[in-house]
Amino acid sequence: MRSLNPKVVGGPVAKATSVLATGAPDGWAPPTFYKGEVLNGGFTRLVVSVPPDRLAEVHQALVGALEAPLKLLYQRLIDRPRDLQLPKPESHVAVELSRDRVLEVLRRLAPLVYQDGRHQLWLRGGMNEQLVLDDLGMIYVYPDDLAFRDLLDSLGLPEGSGPTMAERDYVRVNLMASCDQQEDQLFHDLHLTPWAG
């Protein structure tokens, strides 16, 4: 079960926090590992779990491995200024992006991207490989490819298994008012346009 924490303004470390049924943090922290999965239809992916202090590093390394030009999909799940969980995600897209441009924006707007749970960020490379950063701080890489495994190994992530943030019973999504302006900046800098999907 996910709940919102729209009043957070001080800058939480994580996009989401595992909590008790009461909403109080339960002390659980995401482990560091990756694992392969086979989905319906035979599609494969890597599930990547890292603690908040490594999320930006690992995600940006994976972005650097995507084949340019890149396509970006920003899915807004929560309208933070209105304290509203959207009934259907709002999708905004940009195409023909260079890796360097995307990485520059991700680094500059890191609090929004890596500490705020209002959105999911999808990137697609020129070979149709896909990288998803979800609202809980989980990373998904499509397909399960040796090149991505080698990169994760080089970053010191072991292959393994265990509980992830996506499997916790209760999760509080952290939101920061200070990221409202960063969200506007992201839309402007990458020329994101609405997409009905």
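Quick note: the coordinates plus some simple rules give every number you see, no bench work behind them. Since the structure is predicted, the reported quantities are computational estimates derived from the model, not experimental observations. FYI the Cβ positions are ideal-geometry reconstructions off the backbone, even for glycines, and counts take in every protein chain you see.
In debye, nearest 20: dipole of the stretch 142-197 around its Cα centre with unit charges on the Cβ of K, R (+) and D, E (-)?
Rounded to the nearest 20 debye, it is 180 debye.
If you find the alpha carbon centre of the stretch 148-169 and of the stretch 19-50, how far apart are they in angstrom?
Result: 8 Å between the Cα centres.
In the Gaussian network model of the chain, springs joining C-alpha atoms below 10 Å, which of Asn128, Asn40, Asn174 carries the largest mean-square fluctuation?
Asn40
Sequence-distant or interchain residues sharing an amide H contact under 5 Å with His119, placed H: which?
Under 5 Å from the amide H of His119 lie the amide H atoms of Leu77, each far enough along the sequence or on another chain.
Using 0.36 nm times the number of residues separating Glu37 and Phe187, minus their current alpha carbon distance, what extension gain do you get?
The Glu37-Phe187 span can extend by a further 50.8 nm.
Between Gly64, Gly125, Gly27, where does the largest GNM mean-square fluctuation fall for the chain, given springs only between Cα atoms within less than 10 Å?
The residue that fluctuates most here is Gly27.
Which residue fluctuates most in the GNM of the chain (Cα springs below 10 Å): Leu39, Leu152, Leu77?
With Cα springs under 10 Å in the chain, the top fluctuation among Leu39, Leu152, Leu77 is at Leu39.
Once you order the gyration tensor axes a ≥ b ≥ c over the Cα atoms, which shape class does the stretch 57-102 get: rounded for a/c under 1.5, otherwise prolate or oblate by comparing a/b with b/c?
prolate
So in the stretch 2-195, what percent of DSSP beta bridges are antiparallel if you round to the nearest 5?
Of the beta bridges lying entirely in the stretch 2-195, close to 90 percent run antiparallel.
Indicate the gyration tensor shape class of the stretch 117-190 (rounded, prolate or oblate), computed on the Cα atoms with a ≥ b ≥ c the square roots of the eigenvalues: a/c under 1.5 is rounded; otherwise a/b larger than b/c is prolate and the rest oblate.
Since a/c reaches 1.5 but b/c is at least a/b, the shape of the stretch 117-190 is classed as oblate.
With no solvent and one equal point scatterer per Cα, compute the Debye intensity ratio I(q)/I(0) for the chain at 0.13, 0.14 Å⁻¹ and report its log10, rounded to two decimals.
-0.68, -0.80
Among Gly160, Pro30, Leu20, flag the residue with its Cα farthest along the positive direction of the charge dipole of the chain, charges on Cβ as +1 for Lys/Arg and -1 for Asp/Glu.
Leu20
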